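Trainee: Got a structure for you, written out below as structure tokens; questions coming shortly.
The values are calculated or read from the model by the stated rules, or taken from the named source; none is laboratory data. Keep in mind the model is a prediction, meaning the values are calculated, not measured. Counting neighbours? That spans all protein chains shown, and the Cβs are built from the backbone with ideal geometry, glycine included. Just the protein is used for accessible areas: all its heavy atoms, side chains included, with ligands, DNA and RNA removed. Shrake-Rupley method; radii C 1.70, N 1.55, O 1.52, S 1.80 Å.
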Protein chains: 2
Amino acid sequence: MKLYKYPAVEDWKKLLQRPSMRMEDIEKQVTPILKTVQKDGDAALKAFSLRFDGANIDSILVSEEEFSQAEKDVDNDLKESISIAIKNVTKFHSAQKTDVLKVETMPGISCWRKSVPIQKVGLYIPGGSAPLFSTVIMIGAPALIAGCEEVFLCTPPNSEGKVHPAILYAAKKIGLTKVYKVGGAQAIAAMTFGTETIPSVSKIFGPGNQYVTAAKQLATKEGVAIDMPAGPSEVLVWADETANPTFIAADLLSQAEHGPDSQVILVSTSEDIIQKTEAEVEKQLSVLPRKEIAAKALEHSRSFLMKDEAEALKLVNEYAAEHLILSLDNAEDVAEKIINAGSVFVGHYTPESAGDYASGTNHTLPTYGYAKNYSGVSLDSYYRKITFQKIEKEGLESLGPHVERMAAAEELDAHKNAVTVRLNALKD
Amino acid sequence: MKLYKYPAVEDWKKLLQRPSMRMEDIEKQVTPILKTVQKDGDAALKAFSLRFDGANIDSILVSEEEFSQAEKDVDNDLKESISIAIKNVTKFHSAQKTDVLKVETMPGISCWRKSVPIQKVGLYIPGGSAPLFSTVIMIGAPALIAGCEEVFLCTPPNSEGKVHPAILYAAKKIGLTKVYKVGGAQAIAAMTFGTETIPSVSKIFGPGNQYVTAAKQLATKEGVAIDMPAGPSEVLVWADETANPTFIAADLLSQAEHGPDSQVILVSTSEDIIQKTEAEVEKQLSVLPRKEIAAKALEHSRSFLMKDEAEALKLVNEYAAEHLILSLDNAEDVAEKIINAGSVFVGHYTPESAGDYASGTNHTLPTYGYAKNYSGVSLDSYYRKITFQKIEKEGLESLGPHVERMAAAEELDAHKNAVTVRLNALKD
């Protein structure tokens, strides 16, 4: 980790830059996959599964037997942990439900807003080495809490045509009954255009590699919504002299192990803490199974020594971290002043991994600086908020003339006329 | 308007199709404009204003004198109407504020979610024949209610280098002090990259022609968020035999006058109402100032005669109209069953134009079928919802082992370790 001491404000933007993401080449590779799935449906999905996953798939839909087998294959301890994670995530997300908001803006004019679940939602869970059953909970449970009518999950099969049992177990546990064995850009294509087996959806959720990311971006051009723009995962730890370097180092490494493009930032007003943390990082790194990945991520990661809390706060808000750990004595006070972050971990005993798995908050968060303009996944992500209004005759009599006047001023006479014909009828 | 009687369900998708929107060619024209503004800043803005608006602009920022002059140029009646619109919009949007939501998911584990305003927001108001001061209110007032730190507006100058007084008056009235005289793709570029005068923003709001739409789409690739994907405006009127054909015809025309690509749909279970409405449309159309535009829009607009209320409801939800007028005797009951729409106008005396201007709801709404997956602009559009969590020692002692177990099952050992080092410290 390169250390920057008291960086000048004018250099912050450069120093806080993320590794560049250029998707054009990937898009060129992904476009023909999308087109083929649109044209050939299930046949294309099976062909791509054979080509990319080495899997010969008979039935794309996971069977009851596969769910039952998964239930047997997951050990009881893990089942208990998954239950607790689901319970906490459900508790926090259920609390996000909102009532219909109704306001009488003027006598005889009622306006209201109602949250209505998106009808068709598709979830994507990547395959690869680590079976991300935690993400099944994070993007699946809120969809079912919101009451989306049709919710299903796509995830790639391994070369034996199987899905990791923990993924199937978590899916079933939250109430998902439809899991399709298909991954990559072809899964996103299936959810975008629909195939014989897989229905098209209105919104796609879930992480993925760069092919999946590019496919999701292309899906938006076809009218499908996505959870949020993607980018490499990142953490910023802000630590003061009361922080424990062993804890902070572990937090930094928990992010670094995600991938070589992960970004890890340490901010402190204490040079001593920075030095001790760096030493701890070296120590802990050496025994990590994923140490090569983590080491690569650390190469482009940075420490910032700041002159005081106010400067540190500015830098932290400027970075807009996906995960922000406040390992500070006054962490709760500082948390009040955070204006740009995905999710904030407050205090010395709140590691990011608690939120990644089980505290109750969602782990699908805006990264790559998107925390400045996007929120993480929450119950809201599964709703549209539809507005309604009802105007009584007396309401139109008082508001109508103002609408007529404004429509005339905008030179939209038919807009004006829609009021005029009604006011005339009321005069009769 | 072409009439379809009892259309077969399998034909609905085709019959409800919107006019196609292909942006590729426009994107090619817009890309060099974006690049030039990124490179040359204000100089590029001035050059483009001269080229596209025929305006020779000295100062891009609207001056105090221009605001004062606008105040004089707007007549008192219109000022009063604008005040009422602002009051209603403010009342409905202020009511959308939410408190911090705090949940203790387990003893010693607190999770909370807080709405934090987006810091930098840019608004775009198109020029052209009609001065859309109503849109200034709709996208500007919520930004100021939300408490966005930096909010400004771009709008093209006319050939004399001036902005319509009603736009400046409405801007000042809601509390906007910075208005920049620049329009088109170059304005979007300025808000995306920043220039010497115009700051870059995190989110851009507002309607525009196809160049502005394309520029906004391209801006999202640069990390800027936008209010929503754009499309031609549309209305669906669902009328029963209690509806007044004169009212409905006026509503249909108020949408049709927006532009030749506007879409207008009439749904009814009464053939008599459809016929009477068509006759009224012809009658009212002939005296409209914008009759040529409206006639063009009507060419690709449709009426559907449906067999009963249930079928009509299905069709209406399938279309997912930007504006949905329920001119029905039981409109309030039916409104409960609407699951896809931008904004719903309930009952015979609730014309769309009331919501377009002054009832209190927002008029920036998802069109082109996007109502299936996007919400209209609301106070939420100006916030990020940031999550926080604080875990006490006892909370980590109970939750920690589950996090360790799940992290191990996902083969993410550093995630596990971030908990382990803390649990070890607690044992000491």
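Trainee: Restricting to the protein assembly as shown, compute how many DSSP beta bridges are antiparallel as a %, nearest 5.
Mentor: Within the protein assembly as shown, antiparallel bridges account for around 25 percent of the total.
Trainee: Could you let me know the centre-to-centre spacing of the range A:91-152 and the range A:1-38, using Cα atoms, in angstrom?
Mentor: Their Cα centres are 30 Å away from one another.
Trainee: In the structure shown, do any of A:Lys203/B:Lys314; B:Lys102/B:Lys178; A:Lys114/A:Lys372; A:Lys307/A:Lys372; A:Lys178/A:Lys390 have a Cα-Cα gap over 30 Å, and if so which?
Mentor: B:Lys102/B:Lys178; A:Lys178/A:Lys390
Trainee: Obtain the radius of gyration and the Kirkwood radius of the range A:68-139 from its C-alpha atoms and give Rg over Rh.
Mentor: Rounded to two decimals, Rg/Rh equals 1.22.
Trainee: Peptide B:245-256: average number of partner chain Cβ atoms within 10 Å per residue?
Mentor: 4
Trainee: Please compute the Kirkwood hydrodynamic radius of chain A from all pairs of different C-alpha atoms, in Å with one decimal.
Mentor: So the Kirkwood estimate lands at 24.2 Å.
Trainee: While we're here: Using a 10 Å cut-off around each Cβ of peptide B:48-60, what is the average number of partner chain Cβ atoms that fall inside?
Mentor: Partner Cβ neighbours, averaged per residue: 0.
Trainee: Rounded to whole Hz and in sequence order, give me ³J(HN,Hα) for the range B:394-402 from the Karplus expression 6.51 cos²θ - 1.76 cosθ + 1.60, θ = phi - 60°, writing x for Gly and Pro.
Mentor: Rounded to whole hertz, the list is 5, x, 5, 4, 7, 7, x, x, 6.
Trainee: Over both sides of the B-A contact, add up the buried accessible area with a 1.4 Å probe and give it to the nearest 100 Å².
Mentor: 10600 Å²
Trainee: Further, regarding this structure: So the label point sits 7 Å from Cα along the Cα-to-Cβ vector; using that for A:Ser398, what distances do you get to the other copies, in nanometres, sorted shortest first?
Mentor: Between copies, matching label points for A:Ser398 lie 5.2 nm apart.
Trainee: Let me ask something additional. Where does the longest stretch of chain B lie that holds no GluC sites (Glu not before Pro) found in a DSSP loop with 15 or fewer other Cβ atoms within 10 Å?
Mentor: Excluding the exposed sites themselves, the longest stretch runs over B:1-148.
Trainee: Around A:Ser303, which amide H atoms from residues at least 5 apart in sequence, or from another chain, sit under 5 Å from its own amide H, with H modelled in the peptide plane?
Mentor: Amide H to amide H, under 5 Å and 5 or more residues apart or across chains, A:Ser303 pairs with A:Lys2, A:Leu3, A:Tyr4, A:Leu266.
Trainee: Residue by residue, what Karplus-based ³J(HN,Hα) values in Hz, rounded to whole numbers, does the range B:230-235 have, using 6.51, -1.76 and 1.60 with θ = phi - 60° and x for Gly and Pro?
Mentor: 9, x, x, 5, 7, 9
Trainee: Let me ask something else. Regarding the range B:236-314, what is the average projected area of its C-alpha convex hull, in nm²?
Mentor: That works out to 4.7 nm², a quarter of the Cα hull's surface.
Trainee: Stretch B:Lys221-B:Tyr4 to full length: gain in nm at 0.36 nm per residue minus the Cα-Cα span?
Mentor: That works out to 74.0 nm of additional length.
Trainee: Still on this structure, I have one more. For an R0 of 30 angstrom, estimate the FRET efficiency from the Cβ-Cβ distance between A:Asp99 and A:Ser398 and round to the nearest 0.05.
Mentor: 0.60
Trainee: Sticking with this structure for a sec: Testing the spin-label approximation: label points 7 Å from Cα along Cα→Cβ at B:Glu149 and B:Gln29. State their distance in nm.
Mentor: 3.8 nm
Trainee: Percent of Cα-Cα pairs per 10 Å bin, from 0 to the last occupied bin, for the range B:1-52, please list those.
Mentor: Reading the bins upward from 0: 19, 27, 15, 14, 17, 8.
Trainee: Then there's this: Taking every DSSP beta bridge with both residues inside chain B, roughly what % is antiparallel (nearest 5)?
Mentor: Counting only bridges with both partners in chain B, antiparallel ones make up about 30 percent.
Trainee: Measuring with a 1.4 Å probe in the full set of protein chains, what accessible area per residue, in whole Å², belongs to the range A:114-210?
Mentor: For the range A:114-210, the per-residue accessible area is 28 Å².
Trainee: A further question follows. For a quick size check, give me the Cα extents of the range B:336-428 along its three principal axes, largest first, whole Å.
Mentor: Computed over the range B:336-428, the largest-to-smallest principal extents equal 72, 25, 23 Å.
Trainee: Largest first and to the nearest Å, give the Cα extent of the range A:232-372 along each principal axis.
Mentor: Cα extents, longest axis first: 37, 33, 25 Å.
Trainee: Can you pull the three principal axis extents for the Cα set of the range B:1-149, in Å, largest first?
Mentor: Extents along the principal axes: 64, 51, 44 Å.
Trainee: Given C-alpha coordinates of the range A:135-189, what is the ratio Rg to Rh with the Kirkwood estimate of Rh?
Mentor: Looking at the range A:135-189, the ratio lands at 0.97.
Trainee: Taking the simple approach of a point 7 Å from Cα along Cα-to-Cβ for both A:Lys283 and B:Leu15, what is their distance in nm?
Mentor: Distance between label points: 7.4 nm.
Trainee: What's the average, rounded to a whole number, of partner chain beta-carbon atoms within 10 Å of each residue's beta-carbon in A:359-369?
Mentor: Other-chain Cβ atoms within 10 Å of each residue's Cβ, averaged: 4.
Trainee: List, in order, the whole-Hz ³J(HN,Hα) value for each residue of the range A:324-332 obtained from phi through the Karplus relation with A = 6.51, B = -1.76, C = 1.60 and θ = phi - 60°; use x for Gly and Pro.
Mentor: 3J(HN,Hα) across the range A:324-332, in whole Hz: 10, 9, 9, 9, 10, 4, 9, 4, 5.
Trainee: Residue farthest toward the positive end of the dipole of the range A:195-306, with Cβ of Lys/Arg at +1 and Asp/Glu at -1: which of A:Leu298, A:Pro229, A:Ala239?
Mentor: The residue sitting most towards the positive pole is A:Pro229.
Trainee: Roughly speaking, what is the centre-to-centre gap between the range B:275-334 and the range A:233-305 when only Cα atoms are used, to the nearest Å?
Mentor: So the separation of the two Cα centres works out to 61 Å.
Trainee: Next question, about the same structure. Less than 13 Å from a label point 7 Å out along the Cα-to-Cβ axis of A:Ser59: which backbone N atoms in the range A:167-193 qualify, by residue?
Mentor: A:178-181
Trainee: List, shortest first and in nm to one decimal, how far the label point of B:Ala47 (7 Å from Cα along Cα→Cβ) is from its counterparts in the other copies.
Mentor: 4.8
Trainee: At A:Glu332, label 7 Å along Cα→Cβ: distances to the other copies, nm, ascending?
Mentor: Distances to the matching label points in the other copies: 4.6 nm.
Trainee: On to the next question. Just need the relative contact order of chain A here, percent rounded to a whole number, with Cα pairs under 8 Å and 6+ apart.
Mentor: Rounded, it is 20 percent for chain A.
Trainee: DSSP loop (so not H, G, I, E, B), at most 13 other Cβ within 10 Å: list which trypsin sites (Lys or Arg not before Pro) in the range B:202-290 pass both filters.
Mentor: Taking the range B:202-290 and a limit of 13 other Cβ atoms within 10 Å, the loop trypsin sites (Lys or Arg not before Pro) found are B:Lys221.
Trainee: Considering only protein heavy atoms and a 1.4 Å probe, what is the carbon-and-sulfur percentage of the accessible area of the range A:232-372?
Mentor: Ligands and nucleic acids excluded, carbon and sulfur give 49 percent.
Trainee: Which semi-axis lengths, in whole Å and largest first, follow from the square roots of five times the eigenvalues of the Cα gyration tensor of the protein assembly as shown?
Mentor: 47, 33, 24
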